[in-house]
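Undergrad: Structure in structure tokens, see below.
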Amino acid sequence: MTPDLMEAGAQRYEKVAAAALQAQTESGGRSAGYGRVARAGEVDTTHGRILYLEDVHVSFDGFKAINGLNLDIAPGELRCIIGPNGAGKTTMMDIITGKTRPDSGTVFFGSTIDLLRYREPEIAALGIGRKFQKPTVFEQLSVFENLELALATDKRVGHSMVFSLTGEEKDRLAEVLSTIHLADSARRQAGLLSHGQKQWLEIGMLLMQDPKLLLLDEPVAGMTDEETARTAELFLSLKGKHSLMVVEHDMSFIRAISEKVTVLCDGSVLAEGTLDEVQADERVIEVYLGR
Ligand SMILES: Nc1ncnc2c1ncn2[C@@H]1O[C@H](COP(=O)(O)OP(=O)(O)OP(=O)(O)O)[C@@H](O)[C@H]1O
């Protein structure tokens, strides 16, 4: 990442925060209606939801990939999403992050931020981080430098690669290193890490930007059993501080982390409940678990 890009990122963040404030006050007076002044970039979760999707539809060449999807996530919740191939899980994440525009429906971040008004980079700047299946870290840089750079994307660093971290930022970096189990590998080149460690580093890079909502697509695919168990610990430690939406096929991992599980099928919610509840649901067994 170049200093120019970082500068652009910082400017974009400021613009998005200002636009969010404007959108909140323009949105039918909703924020004013709640009798509180919304601050730029603040997500209003007073109604108990950080994410809210209602009756969302998306068709690709006539094929209904998302078909009347309703879903909401509470602040600090760790929600697992399961479902057969082609159920619409990735498409749902694409909609939330602005990669795909729905044909119709409502997608809100908190009570006041209408995500359909924003583009992909703006949504990231609003506080929705997304982790794709394949890790994408800067292989030539150290673990520490990767985290440092992730921090630099949302702050003004001027036109120099050399910038000094404030005491608070150093503390945050140390805390993230410890959270992602890489405190002993801070100086290690990222390219030399194991697959699981690279995944944790990428999650750490997202955490440096302090996202309110994290979307994680098959985070334990390709991990060893030990790495999978440590990832479960990691996610449980993030719950409460962040909201997480985790798409996974690994049922033992789901069992280790889940409270509420949503089963998607044919672009809408087939079942929702504890893992035991959805595993006992005949419809879920038929379309997914019983295969
Ligand atoms: N850009 C696109 N153009 C056409 N069809 C698409 C497009 N994106 C997704 N689809 C189709 O929409 C359906 C839902 O796909 P999606 O990738 O969201 O499912 P998924 O639940 O994530 O599946 P998997 O578990 O295999 O990743 C699939 O039938 C897919 O082929």
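Readers should treat all values here as calculations from the given coordinates under stated rules, not as data from a laboratory. None of the values given here were measured: they were computed from a predicted structure. Counting neighbours? That spans all protein chains shown, and the Cβs are built from the backbone with ideal geometry, glycine included.
Undergrad: Take the cross-link list Lys99/Lys198; Lys170/Lys260; Lys64/Lys260; Lys198/Lys241; Lys99/Lys170; Lys198/Lys260 and give me the ones stretching past 30 Å between alpha-carbons. Mind showing how you got there, number by number?
TA: Working: Lys99/Lys198 24 Å; Lys170/Lys260 35 Å; Lys64/Lys260 26 Å; Lys198/Lys241 22 Å; Lys99/Lys170 33 Å; Lys198/Lys260 28 Å.
Cα-Cα > 30 Å for Lys170/Lys260; Lys99/Lys170; rest within.
Undergrad: Give the aspartates and glutamates reachable from Lys131 as a straight Cα distance under 12 Å; neighbours fewer than 8 places away on the same chain don't count.
TA: Answer for Lys131, where 12 Å is the Cα cut-off: Asp94, Glu202, Asp217, Glu218, listed by chain and number.
Undergrad: Sticking with this structure for a sec: Taking Cα centroids, how far is region 222-250 from region 258-277 in Å?
TA: Here the two parts' Cα centres lie 18 Å apart.
Undergrad: From a point 7 Å beyond the Cα of Asn85 in the direction of its Cβ, which residues of region 232-263 have a backbone N at a distance under 15 Å?
TA: Answer for this model: 249-250.
Undergrad: Using the Cα gyration tensor of region 146-291, with a ≥ b ≥ c the square roots of its eigenvalues, what is the shape: rounded (a/c below 1.5), prolate (a/b larger than b/c) or oblate (neither)? Numbers along the way, then the final one.
TA: On the way: a/c = 2.76, a/b = 2.14, b/c = 1.29.
Prolate.
Undergrad: So which aspartates and glutamates can Lys212 reach, going by Cα to Cα under 12 Å and dropping same-chain residues fewer than 8 places off?
TA: Within the straight-line cut-off, Lys212 pairs with Glu42, Asp44, Glu77.
Undergrad: If you don't mind, there's one more thing I want to ask. Please get the size of the charge dipole for region 51-147, origin at its Cα centre, with Cβ charges of +1 on Lys and Arg and -1 on Asp and Glu, quoted in debye to the nearest 20.
TA: Details: 10 positive and 12 negative charges, 36 e Å.
Computed about the Cα centre, the dipole is about 180 debye.
Undergrad: Counting only other residues whose beta carbon sits under 14 Å from that of Glu77, what net charge do I get with K and R as +1, D and E as -1? Working shown, then result.
TA: Numbers: positive: Arg49, Arg79, Lys212, Lys239, Lys241, Lys260; negative: Asp72, Glu259, Glu272.
Here the charged neighbours net out to +3.
Undergrad: Please give the peptides 174-185, 198-209 ranked by average Cβ packing (other Cβ atoms within 10 Å per residue), highest first, as a rough proxy for protection.
TA: 198-209, 174-185
Undergrad: Could you state the per residue volume, in Å³, of the convex hull enclosing the Cα atoms of region 207-291?
TA: 112
Undergrad: Checking the a/c ratio against 1.5 first, then a/b against b/c, what shape does the Cα gyration tensor give for region 57-202?
TA: prolate
Undergrad: On a C-alpha basis, how far is the centre of region 168-208 from the centre of region 41-112 in Å? Whole number, if you could?
TA: 29
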